[in-house]
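*Asks:* Please find one structure pasted underneath; my questions will follow.
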């Protein structure tokens with residue numbers, strides 16, 4: 001019997017009871033992880049003790065949601081850990097996004113590092129975390145991650161009669177692309193006597209020729225909806241009433257309706273009774289030809305923000321001399337109008353789109369070598385595998401050893 005086979009059980013026994021978990025806390029699961037090693041549960045008695053440095057650990061607990069930004073950090077920490085190393089994904093968010101399963105920013109841990117055990121819950125209890133530690137220990141000992149209990153199977157159809165649901169529950173990991181209605185200028189009944197009086201006796205008479213609709217949307221909030229050709233008339237009427245500056249210029253992208261909403265939020269510095277009031281001057285423009293008159297000759301403070309909205313959405317404010325030039329974005333940037341919803345999101349490569357280190361990756365076949373000269377003796381033709389070039393062999397060896405650039 002070889003020395004390796006004699007020593008192997010002792011190596012497994014030593015690794016099994018020498019787990020040094022580092023914890024990557026991104027959400028509320030970190031509270032339960034801390035509870036697991038507190039005196040009430042004392043998970044240290046199982047042969048595990050949290051540690052602070054990844055280079056001296058062999059187990060990582062991923063506690064909570066992992067975003068695309070945080071994925072890079074997780075991958076970097078996992079690469080630094082000592083081999084053999086193990087991963088516990090803690091919480092529903094780490095498993096499949098949890099309550100963020102349909103969000104653009106969440107990514108399952110299994111897409112970043114190989115997971116050995118899942119502690120499911122929101123958040124999971126300390127007992128669940130302890131069970132996952134035991135599962136990892138069984139995997140170290142036997143090479144198979146298995147639970148210590150086998151649940152009984154019960155046919156609930158014999159006990160309960162399922163009632164039909166109006167809408168099936170969402171099934172993560174599928175993604176839903178909704179086309180929601182974007183509420184703009186939504187009227188709201190509030191206790192604001194001054195506002196209703198001002199709308200009826202001041203705004204409506206002054207804007208009767210230009211406004212389509214004037215509504216109170218909240219206390220100290222009024223929305224005026226106009227057509228693009230009337231927006232200048234409405235702006236001049238508001239200026240005469242004392243609304244002397246622009247707080248913000250916004251563009252709302254509604255691609256499924258092929259339109260933009262352009263909003264000018266205006267207020268007053270000159271009239272005390274109007275200082276807390278914000279008025280949204282709103283218009284719709286087509287998305288494929290987004291042009292609207294500039295209001296910088298009415299409100300000079302709109303200049304900076306109109307430039308921003310051209311940079312980010314491509315809305316052309318006719319009359320603003322800055323149109324056609326980048327303002328905040330680099331002049332040489334390849335991404336034009338980056339806040340439009342049809343602009344693809346560009347991410348760095350840090351997710352695992354290949355097999356994990358330690359698993360051989362098939363490489364592209366090398367170019368066939370030149371045919372050898374025929375031998376003098378006749379032999380049966382043999383199938384000979386073409387040798388790889390030296391760089392390809394080096395790459396394969398690097399991938400098998402798990403070394404190399406972690407960014408792929």
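*Asks:* Given the criterion under 30 Å from residue 251 (Cβ atoms), at pLDDT below 85 and outside any helix (DSSP H, G or I), identify the matching residue among 161, 182, 149.
*Replies:* Of the residues listed, the single one that is under 30 Å from residue 251 (Cβ atoms), at pLDDT below 85 and outside any helix (DSSP H, G or I) is 182.
*Asks:* Please go through segment 305-323 and give me each residue that is out of contact with any strand residue (DSSP E or B) (no Cβ under 8 Å at 6 or more places or on another chain) and at positive phi, ordered by number.
*Replies:* Across segment 305-323, the qualifying residue is only 314.
*Asks:* Also, I was wondering about something else. Would you mind stating whether residue 141 is under 21 Å from residue 43 (Cα atoms), part of a helix (DSSP H, G or I) and at pLDDT below 80?
*Replies:* Judged against the criteria, residue 141 is a match.
*Asks:* Please verify whether segment 37-44 includes one or more residues that are over 24 Å from residue 128 (Cα atoms) and assigned to a helix (DSSP H, G or I).
*Replies:* No: zero hits.
*Asks:* Looking at residue 100, is it in the same structural domain as residue 132 (by TED's automatic domain parsing), out of contact with any strand residue (DSSP E or B) (no Cβ under 9 Å at 6 or more places or on another chain), in contact (Cβ under 8 Å) with a residue 24 or more places away in the chain and farther than 22 Å from residue 140 by Cβ?
*Replies:* No, not satisfied.
*Asks:* Still on this structure, I have one more. With the condition kept exactly as written, say whether any residue in segment 222-235 is in contact with a helix residue (DSSP H, G or I) (Cβ under 8 Å, 6 or more places away or on another chain) and farther than 29 Å from residue 325 by Cβ.
*Replies:* Yes; the residues of segment 222-235 include at least one that is in contact with a helix residue (DSSP H, G or I) (Cβ under 8 Å, 6 or more places away or on another chain) and farther than 29 Å from residue 325 by Cβ.
*Asks:* Let me ask you something else. Evaluate the following for residue 271: is it touching a helix residue (DSSP H, G or I) at 6+ places or on another chain (Cβ under 9 Å) and surrounded by fewer than 15 Cβ atoms within 10 Å (Cβ to Cβ)?
*Replies:* Criteria met by residue 271.
*Asks:* In this structure, is residue 3 within 36 Å of the chain's Cα centre (by Cα), modelled with pLDDT of 75 or more and more than 20 Å from residue 121 (Cβ to Cβ)?
*Replies:* no
*Asks:* I'm trying to understand the selection: among the residues of segment 11-64, which are closer than 23 Å to residue 99 by Cβ and over 25 Å from the mean Cα position of the chain (by Cα)?
*Replies:* Of everything in segment 11-64, those that are closer than 23 Å to residue 99 by Cβ and over 25 Å from the mean Cα position of the chain (by Cα) turn out to be 34, 35, 36.
*Asks:* Name the residues in segment 54-72 that are surrounded by fewer than 17 Cβ atoms within 10 Å (Cβ to Cβ) and either modelled with pLDDT of 85 or more or closer than 15 Å to residue 19 by Cβ (or both), would you?
*Replies:* 56
The values are calculated or read from the model by the stated rules, or taken from the named source; none is laboratory data. This is a predicted model, so every value here is computed, not measured. Note: ideal-geometry Cβ built from the backbone for every residue, glycine included; neighbour counts use all protein chains shown.
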